[in-house]
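Undergrad: One structure coming up, written as structure tokens, with questions to follow.
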């Protein structure tokens, strides 16, 4: 992969106070071959915030997350983590810098047990003691997983798989957690459980960028939000303001 | 970790635990078979002599192919990268040994070394070529990767064939260095080269190399890199999101997988004392892949067993069965059958029978004879019955709560 620019994988994690912004995208253009998927996306996430990115199918939400996590590289623009550019780094280097993604569609390792899945989450880390502590923390957040530690990931229900996917991402001890559609395909009850847990994770000091189609739930838990339409940010602001915005109500909240 | 996991599982669901925790009749039988098999392998030359089997000529070759299968299992079984050109690394290992030890080598005037040094170097040279094959195929998956590796497997013997000034082309290279072993000769203990016909010494040399390989592969499978391979095999994108360096992990799979066939190739060349490019054609890649599939992709012991069974079939059974059938033909003396049986040569049908057996196996037991547990689940489709139950219960509760 093309990541020669910055090659210190285990760069020291900086104190949260150094830059007010945990994450910032400046005029990011991302392409899939010739398809111009992101047409100048700029957004930022402050330390300790939950920020949500809402939008319809194909608006570029997942592309934005992939650009942040290094799976895709922007052709133009910058991605900054605590003020440092990360847009030329490989995905594993970005994980080492404290950004972890819970991918769309969960993508847990279905043939590994729940415990093995969580251990894979800590793959990039070497601090055994802290990993054990995080393991307990994740199980405290998701008691359901504790009951199923020896069970194969693929035998879990959809909700449990989502818990596992988030738990696995937390095992990398991220400072910025990227969540891609955590409510997808879940019963409303479970969606509520998941969102309550996201708020709890955030309260424990993890900055969250939440991509959602379920705009109602997302704007309820987020402090700020952005609306993405065909690769462009068309609206942004405090979550409550967005909830009152007529256009948002009509397009994303189903209020006529 | 898995021991604790299994016990807690057993406590929750006895029926589930019974199948898994190794103390079951099933597990005992499996371990007993395994131990018997290892003892059999370790004592084979003695057994062979005792029973007058006279198969020592074929058995070292079977062991070499089993080592090949173990190496290919790293690439295909652990990392999930389908490689159809594995014979190329076998050839590279063999020619490396020939270049470094044979007097017919173009390097002979400048540099010659003994067999063991050549064997270790062929390990690294094959690993290097593993990286050379791996690097351009990093972005390829599944079928596309298979095609590129297939091409690689065809190109390497062809290059060897055409680089006549160095490799002697179709005439092959001769007089390859022979390993020395501590043996007694004329009443004196010393390091002597293996006498060409002494298959027992070859057998134990290969057996030792094989045992070291098995140990190394076992440790690899349970190491950090082993876990990275399995994660990558299951879901590349998720593995990347976990902070696994996919480029490095893939290249290591190709390099380490290839290096074992480098070992095997150097021993092969030395044992035969002659190599030419025709020894490394596509059928070698196919046989080795079939060994991996037959035994159970991803399971080291299954692959060893698959290698032994297929090697036995390929090198011993077909020719033996031919003489049995001819014997029967001569003995029964029936009008048509006898004349057919007397003429039969099963070695001509080797691949036909083998192909039919493989088709039957794939239809009845696609995960192989001794599957890796995770891989078996993969083949049979995801979740067992309990998953369906869990989903429906949960959905029902959720639906109930809503209503």
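The values are calculated or read from the model by the stated rules, or taken from the named source; none is laboratory data. Computed from a prediction, not measured in an experiment: that's the story for all the values here. Cβ coordinates were reconstructed from backbone atoms using ideal geometry, including for glycine residues, and neighbour counts include every protein chain displayed.
Undergrad: Counting only residues that are at negative phi, touching a strand residue (DSSP E or B) at 6+ places or on another chain (Cβ under 9 Å) and assigned by TED's automatic domain parsing to the domain that holds residue B:128, give me the helices (runs of 4 or more DSSP H) lying completely in segment B:220-276 with at least 3 of them.
TA: B:246-272
Undergrad: Here is a check on your reading of the model: is residue B:107 in contact with a helix residue (DSSP H, G or I) (Cβ under 9 Å, 6 or more places away or on another chain) and part of a loop (DSSP other than H, G, I, E, B)?
TA: So residue B:107 fits the description; yes.
Undergrad: For residue B:135, are the conditions met, namely being in the same structural domain as residue B:231 (by TED's automatic domain parsing) and buried (at least 24 other Cβ atoms within 10 Å of the Cβ)?
TA: no
Undergrad: Testing residue B:222 on (1) within 14 Å of chain A (Cβ to nearest Cβ); (2) under 21 Å from residue B:86 (Cβ atoms), one condition comes back false. Which one is that?
TA: (2)
Undergrad: Looking at residue A:62, is it within 18 Å of the chain's Cα centre (by Cα) and modelled with pLDDT of 95 or more?
TA: No; evaluated as a whole, the condition is false for this residue.
Undergrad: Something else about it: Just one of B:159, B:178, B:125, B:214 is part of a loop (DSSP other than H, G, I, E, B) and touching a helix residue (DSSP H, G or I) at 6+ places or on another chain (Cβ under 9 Å); which is it?
TA: B:178
Undergrad: If you don't mind, there's one more thing I want to ask. Any idea which of (1) out of contact with any helix residue (DSSP H, G or I) (no Cβ under 9 Å at 6 or more places or on another chain); (2) under 18 Å from residue B:304 (Cα atoms) is the one residue B:258 doesn't satisfy?
TA: (1)
Undergrad: Return the residues of segment A:129-156 that are within 11 Å of another protein chain (Cβ to nearest Cβ) and over 30 Å from residue A:57 (Cα atoms); say none if nothing qualifies.
TA: A:144, A:146, A:147, A:148, A:149, A:150, A:151, A:152 - these are the residues of segment A:129-156 that are within 11 Å of another protein chain (Cβ to nearest Cβ) and over 30 Å from residue A:57 (Cα atoms).
Undergrad: Quick one: residue B:142 ticks every box in (1) at negative phi; (2) loosely packed, with under 14 Cβ neighbours inside 10 Å bar one, so which box is it?
TA: (1)
Undergrad: Residue A:126 is checked against (1) within 12 Å of chain B (Cβ to nearest Cβ); (2) outside any helix (DSSP H, G or I); (3) in contact (Cβ under 8 Å) with a residue 12 or more places away in the chain and fails just one. What number does that condition carry?
TA: All conditions are met except number (3).
Undergrad: Okay, moving on. Output the residues belonging to segment A:58-93 that are in a loop (DSSP other than H, G, I, E, B), in contact with a strand residue (DSSP E or B) (Cβ under 7 Å, 6 or more places away or on another chain), over 16 Å from residue A:21 (Cβ atoms) and within 14 Å of chain B (Cβ to nearest Cβ).
TA: Scanning segment A:58-93 gives a single hit, A:72.
Undergrad: For residues that are crowded, with 22+ Cβ neighbours inside 10 Å and farther than 13 Å from residue A:105 by Cβ, scanning just segment A:177-189, find the one that is nearest to the other protein chains (Cβ to nearest Cβ).
TA: In this case the residue turns out to be A:178.
Undergrad: Do the conditions hold for residue B:165, that is, is it within 14 Å of another protein chain (Cβ to nearest Cβ) and either part of a helix (DSSP H, G or I) or under 30 Å from residue B:46 (Cα atoms) (or both)?
TA: The answer is no for residue B:165.
Undergrad: Related question: Being touching a residue at least 24 places away in the same chain (Cβ under 8 Å), under 29 Å from residue A:122 (Cβ atoms) and either more than 19 Å from the chain's Cα centre (by Cα) or surrounded by 20 or more Cβ atoms within 10 Å (Cβ to Cβ) (or both), is that true of even one residue in segment B:218-227?
TA: Yes: segment B:218-227 contains one or more residues that are touching a residue at least 24 places away in the same chain (Cβ under 8 Å), under 29 Å from residue A:122 (Cβ atoms) and either more than 19 Å from the chain's Cα centre (by Cα) or surrounded by 20 or more Cβ atoms within 10 Å (Cβ to Cβ) (or both).
Undergrad: While we're here: Which is part of a helix (DSSP H, G or I) and at pLDDT below 85, of B:287, B:297, B:316, B:328?
TA: Only one candidate qualifies: B:328.
Undergrad: Shifting gears a bit: Tell me yes or no: at least one residue of segment B:237-259 is touching a residue at least 60 places away in the same chain (Cβ under 8 Å) and farther than 30 Å from residue A:168 by Cα.
TA: Yes: segment B:237-259 contains one or more residues that are touching a residue at least 60 places away in the same chain (Cβ under 8 Å) and farther than 30 Å from residue A:168 by Cα.
Undergrad: For residue B:248, only one of the following conditions fails: (1) modelled with pLDDT of 90 or more; (2) within 14 Å of chain A (Cβ to nearest Cβ); (3) in contact with a helix residue (DSSP H, G or I) (Cβ under 8 Å, 6 or more places away or on another chain). What is its number?
TA: (3)
Undergrad: In segment A:95-123, which residue that is part of a helix (DSSP H, G or I) and more than 7 Å from every other protein chain (Cβ to nearest Cβ) is surrounded by the most Cβ atoms within 10 Å (Cβ to Cβ)?
TA: It comes out as A:114.
Undergrad: Sticking with this structure for a sec: Farther than 30 Å from residue B:366 by Cβ, touching a residue at least 40 places away in the same chain (Cβ under 8 Å) and assigned to a helix (DSSP H, G or I) - does that describe any residue in segment B:138-151?
TA: No: zero hits.
Undergrad: Could you go through segment A:30-48 and let me know if any residue there is farther than 18 Å from residue A:235 by Cα, touching a residue at least 60 places away in the same chain (Cβ under 8 Å) and part of a loop (DSSP other than H, G, I, E, B).
TA: yes
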